[in-house]
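One structure is given below, encoded as structure tokens.
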Amino acid sequence: MRPLIRLQRAWALVSVLSAAATVAGAAVLVPGPAQAASTLGAQAAASGRYFGTAVAAGKLGNSTYSTILDREFNMITPENEMKWDTTEPSRGSFNFGPADQIVSHAVAHGQRMRGHTLVWHSQLPGWVSSIGDANTLRSVMDNHITSEMTHFKGKIYAWDVVNEAFADGSTQHRSSVFQNVLGNGFIEEAFRTARAADSSAKLCYNDYNIENWSDAKTQGVYAMVKDFKSRGVPIDCVGFQSHFGSGGPPSSFPTTLSNFAALGVDVQLTELDIAQAPTTGYSNTVKACVNVSRCAGITVWGIRDSDSWRSGDNPLLFDGNGNKKSAYDAVLSALGGGVPYGDGGSTTPTPTPTPTPGDGGCSVTYTVSSQWSGGFGANVNVTNLGDPVSSWTLTWSFGAGQQVTQAWNVAVTQSGADVTAKSVSYNGSLGTGGSTSFGFNGSQNGSNPVPANFTLNGTACSAG
């Protein structure tokens with residue numbers, strides 16, 4: 001991500017949803033093969049991933065723009081609307097209107113949100129940049145993080161908590177008001193503050209030019225993440241902005257993604273664009289993600305070339321008129337390969353404790369991830385504590401008239417209060433101690449208690 005003064009670059013997983021049909025009162029909520037391959041979002045969802053784009057609130061009224069957005073993408077990142085100069089232009093005075101507009105659009109169209117960004121050296125209002133006292137800046141930073149995350153709590157899949165904190169070509173942090181006044185510890189403090197503000201959203205570090213494994217900057221970020229994981233600092237994901245030249249990603253990009261994922265974090269491609277949109281470059285980039293089980297998804301930075309911060313490079317999947325390019329077909333094809341996303345897209349960042357094998361039964365963690373007037377989103381994590389199974393069926397009953405309306409990573413039917421969720425082709429196999437996750441949107445009438453009495457293949461489950 002670059003400042004607006006440099007070509008207006010505005011930088012940067014809810015619903016990986018498929019279309020739903022209701023037949024005779026039973027909602028059948030898993031796409032067929034033809035449908036799953038029809039759009040970028042649907043194709044990504046088939047492996048538990050997302051395919052998103054950056055969105056500007058001021059363009060939502062453009063019919064070509066919004067039509068492509070709602071047809072193709074199931075994750076949204078606001079371009080500028082959640083950055084500090086917009087959300088807190090003066091101390092303690094918050095403006096969430098532009099961001100709320102994007103979030104409302106996402107909710108109305110079954111799309112998830114990435115929050116971008118909480119702490120960044122650029123697009124800061126002058127009153128922040130001029131703070132020279134450590135106690136004051138620490139209080140201001142913590143309050144900004146807490147206030148913004150609290151406002152959007154339950155509506156954000158993942159936050160870019162700290163953005164671009166490392167210097168170009170270096171293992172050291174870049175100069176910024178946060179670094180210069182608070183020192184190296186500001187990144188850790190930001191992540192701990194973010195976790196206290198929202199225990200469910202995934203917390204990401206996001207940066208550019210960290211795709212090549214041997215680069216100093218890549219190694220600096222890797223060392224930080226490794227240190228954070230060893231000390232229990234709450235970091236759940238690393239965002240690779242992936243702004244590439246016409247040659248596409250570096251040859252070591254798959255290694256970079258795999259090595260970061262091995263630290264126990266998700267990896268995400270957060271701001272992808274490639275000069276001249278070469279089919280091979282896009283295909284290789286997508287394959288690098290889908291071949292890593294913890295690569296959660298991909299976001300392109302804009303919809304049409306005319307929407308891009310680097311429009312002269314024609315770097316996106318749709319031309320200025322909204323027509324698909326050859327690279328679009330290459331991406332659609334590449335999304336169909338690889339391996340399933342490792343945790344099924346769960347938004348719960350805390351790892352599930354390792355169960356004792358062979359105890360029998362199962363464990364279920366049910367989390368309401370978002371809630372709005374008349375509706376809600378939920379995530380379910382299932383752990384098999386019995387013998388290995390090649391397919392599974394989870395059942396439960398709602399206690400307050402809730403109805404499942406859309407689901408992902410599972411096939412759901414509902415009769416009255418009784419819900420039946422069946423595994424799909426890529427997540428049916430569960431060994432002893434194995435886990436999988438799925439999610440859904442539902443309707444509710446003001447009361448949304450967590451259901452009880454889960455059973456897995458007819459055996460009662462305990463609460464996770």
Point-to-point label distance, ALA196-SER214, nm (Cα→Cβ direction, 7 Å offset)
4.4 nm
Could you give each residue of region 441-458 its phi-based ³J(HN,Hα) in whole Hz, using Karplus coefficients 6.51, -1.76, 1.60 with θ = phi - 60°, and x for Gly or Pro?
9, x, 9, 8, 10, x, 10, 9, x, 5, x, 10, 6, 6, 10, 10, 6, x
In Å², rounded to a whole number, the accessible area per residue of region 362-463 with probe 1.4 Å is 39 Å²
Just grab the label-to-label distance for SER415 and SER230, each label 7 Å out from Cα along the Cβ direction, in nm (one decimal).
5.6 nm
In debye to the nearest 20, how big a dipole does region 165-303 give about its Cα centre with +1 on each Lys and Arg Cβ and -1 on each Asp and Glu Cβ?
300 debye
Check: region 185-241 dipole with +1 on Lys, Arg Cβ and -1 on Asp, Glu Cβ, in debye
200 debye
For region 392-464, averaging the sequence separation of alpha carbon pairs under 8 Å that lie six or more residues apart and dividing by its residue count, the contact order in percent is 44 percent
Give me the accessible area of ILE68, 1.4 Å probe, in Å² rounded to the nearest 10.
10 Å²
Residues in region 372-406 that a label on THR459 would reach, taking backbone N under 16 Å of a point 7 Å out along Cα→Cβ
382-395
Net charge contributed by nearby residues that have their C-beta within less than 13 Å of ASP215 (K/R +1, D/E -1):
-2
Looking at ALA44, VAL103, VAL238, which one has the Cα that reaches farthest to the positive end of the dipole of the chain (charges on Cβ: Lys, Arg +1; Asp, Glu -1)?
ALA44
How big is the dipole moment of the chain about its Cα centre under a simple scheme where the beta carbon of each Lys and Arg is +1, that of each Asp and Glu is -1, and everything else is neutral? Debye, nearest 20, please.
160 debye
Please report the carbon-and-sulfur percent of the accessible area for the chain; probe 1.4 Å, protein heavy atoms only, DNA, RNA and ligands left out.
49 percent
Rounded, prolate or oblate for region 362-463? Axes are the square roots of the Cα gyration tensor eigenvalues, ordered a ≥ b ≥ c, and the cut-off for rounded is a/c under 1.5.
prolate
Quick one: Cα centre-to-centre distance for region 214-258 and region 35-111, in angstrom?
25 Å
Run the simple label-point estimate for SER391 and LYS153 please: 7 Å along Cα→C-beta, distance reported in nm.
4.1 nm
Restricting to Cα pairs under 8 Å and 6 or more apart, the percent relative contact order of region 40-335 works out to 16 percent
What percent does the relative contact order of region 101-160 come to when contacts are Cα pairs within less than 8 Å and at least six residues apart?
60 percent
Sorting PHE166, SER93, ALA197 by the position of each Cα along the dipole of region 40-335 (Lys, Arg +1; Asp, Glu -1; all at Cβ), the one nearest the positive end of that ordering is ALA197
Could you give the spread of the C-alpha atoms of region 40-335 along their three principal axes, from largest to smallest, in whole angstroms?
53, 43, 34
Kindly write out, for region 268-285 in residue order, the coupling ³J(HN,Hα) from the Karplus curve 6.51 cos²θ - 1.76 cosθ + 1.60 (θ = phi - 60°), rounded to whole Hz, with x marking Gly and Pro.
9, 8, 9, 8, 5, 7, 9, 3, 6, 6, x, 5, 5, x, 5, 4, 5, 5
Surface per residue (accessible, 1.4 Å probe) for region 40-335, Å²
31 Å²
For GLN123, other-chain or 5+-apart residues with amide H closer than 5 Å (H placed, Pro excluded) are LEU4
If packing is taken as the average number of other Cβ atoms within 10 Å across a peptide's residues, how do 248-256, 224-232 rank, most packed first?
248-256, 224-232
Suppose R0 equals 35 Å. What FRET efficiency, 1/(1 + (r/R0)^6) with r the Cβ-Cβ distance, do LYS324 and LYS422 give to the nearest 0.05?
0.55
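The values are calculated or read from the model by the stated rules, or taken from the named source; none is laboratory data. Computed from a predicted structure; not experimentally measured. Quick reminder, even Gly has a Cβ in these numbers, built from the backbone with ideal geometry, and neighbours come from all protein chains shown. Surface accessibility is based on the protein's heavy atoms, side chains included, excluding ligands, DNA and RNA. Shrake-Rupley method; radii C 1.70, N 1.55, O 1.52, S 1.80 Å.
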